[in-house]
Amino acid sequence: MTEPIAGVAAGVPYTALPPPGGAADAPLIVAWHLMDPPCTDAAMAAALPMREVPAWRVYLGLPMTGRRALPGGFDELMRLGYQDAVLNLFAPVSAQASAEAPAAVAEVRARLGIPDGPVGVLGGSLGSMVALEVAATGSLPVAAGAIVSSAVRLTSIIEANEVRFGTTYEWSERSRAAATRLDYVARAGEIAARRDARGGPPPFLVLTGQEDAEPLQRAAEELASELAAGYPDDTAVRLVNLPGVAHNLAEPPGEAPAPQTDSARLVDAELTAWFRTHLKS
């Protein structure tokens, strides 16, 4: 098995998995990890390696995590979250990750000899928002997309975390504006309006687990419905809600590469089938 390639491109840490067989014309999948386990690029590559997809898989690290962790580490991340989860964490992390993606992908391509062309995008939890933003804005040409442990509407994330942490978030004018930007159910039409080389919007897999928080499952279902309504071919959108799968796809703390959990293995199989079907050289 080919070893993962670790590096930094345009200031963004990454872990790259070469295509099986080393095909010179293999396409590229760009992935962003969860802030829950697996919460680094290396851990995400181990949890969801998609080994049977004939493509490069490049996992980009989110700001404030992994090799870009804050000086106070996880404790500082949690402190910022309790102070204002929207304005200190979710909004700035997703915005920075989306903005830095094109330069990071271009440098990774040049460094590893990956040919130009439309990419697959994959996001987990908060990384879902990065993948959806890239697809909605066209900052990268997207041929196919998938989101897992899907977090697609900021208000739903806050609702789930209020239950999880026993807190009540105090909304402000600024945080409500951020929530409007980070509502991909409302913005599904932006993705549906994109056109790839085949003349249609990119096929999208929306994947969640039946053991995940109910607000996240509900928002994922609504996103899939909104996307399908705007696609000329509604079979290009697939919603999968896996039994027995919760939000986390690795054992805590989820920072280092680790053996696949049963849940990750189920998710990985769905992703593999999806990208093998919808992402071509």
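The values are calculated or read from the model by the stated rules, or taken from the named source; none is laboratory data. None of these values were measured; they are calculated from a predicted model. Heads up, the Cβs are rebuilt from the backbone with ideal geometry, glycines too, and the neighbour counts pull from every protein chain shown. The protein model used for the area step is the full one, side chains on, heavy atoms only, and it has no ligands, DNA or RNA in it. Shrake-Rupley method; radii C 1.70, N 1.55, O 1.52, S 1.80 Å.
Where both partners of a DSSP beta bridge lie in the stretch 107-261, what percent of those bridges are antiparallel, to the nearest 5?
Details: 1 of 16 bridges.
Counting only bridges with both partners in the stretch 107-261, antiparallel ones make up about 5 percent.
Only beta bridges with both residues in the chain are counted; by DSSP, about 30 percent of them are antiparallel.
Within the assembled protein chains, the solvent-accessible surface assigned to E170 is about 140 Å², based on a 1.4 Å probe. Only one residue of T208, I191, N161 has its Cα farthest out toward the positive end of the dipole of the stretch 102-260, where Lys and Arg carry +1 and Asp and Glu -1 on Cβ, and that residue is I191.
Please give the length that would be gained between N241 and A229 if that part of the chain were fully extended, namely 0.36 nm times their separation in residues minus their C-alpha to C-alpha distance (nm, one decimal).
On the way: separation 12, 0.36 × 12 = 4.32 nm, distance 1.91 nm.
Once the chain is fully extended between N241 and A229, it gains 2.4 nm.
Computed over the Cα atoms, what is the radius of gyration of the chain divided by 2.2 N^0.38 Å, N being its residue count? Spell out each step's value before the answer.
Working: Rg = 17.2 Å, N = 281, 2.2 N^0.38 = 18.7 Å.
For the chain, the normalised Cα radius of gyration comes out at 0.92.
Taking all protein chains together and rolling a 1.4 Å probe, D234 ends up with roughly 90 Å² accessible.
Could you tell me the distance between the Cα centroids of the stretch 38-64 and the stretch 211-230, to the nearest Å? Here the answer is 24 Å between Cα centres. Legend: residues E222, E100, E211, sorted from most to least accessible area (1.4 Å probe; ligands, DNA and RNA excluded), read E211, E222, E100. Can you give the net charge of the other residues whose Cβ lies under 12 Å from the Cβ of M50, counting K and R as +1 and D and E as -1? Within the 12 Å Cβ shell, the charges total +1.
Coupling constants for the stretch 60-67 follow from the phi torsions by the Karplus curve (6.51 cos²θ - 1.76 cosθ + 1.60, θ = phi - 60°), and in residue order they are 9, x, 6, x, 6, 10, x, 6 Hz; glycine and proline get x. For the stretch 243-248, the Karplus equation 6.51 cos²θ - 1.76 cosθ + 1.60, evaluated at θ = phi - 60°, returns couplings of x, x, 9, 9, 6, 5 Hz by residue, with Gly and Pro reported as x. Extending 7 Å from Cα along the Cβ direction at R79 and again at A186 yields two label points whose distance is 3.3 nm. In this view, the solvent-accessible surface of T40, computed with a 1.4 Å probe and all protein chains in place, comes to about 10 Å².
Please list F165, F74, F90, F275 in order of solvent-accessible area, largest first, computed with a 1.4 Å probe with all protein chains present.
On the way: F165 75, F74 125, F90 25, F275 0 Å².
Largest accessible area first, the list is F74, F165, F90, F275.
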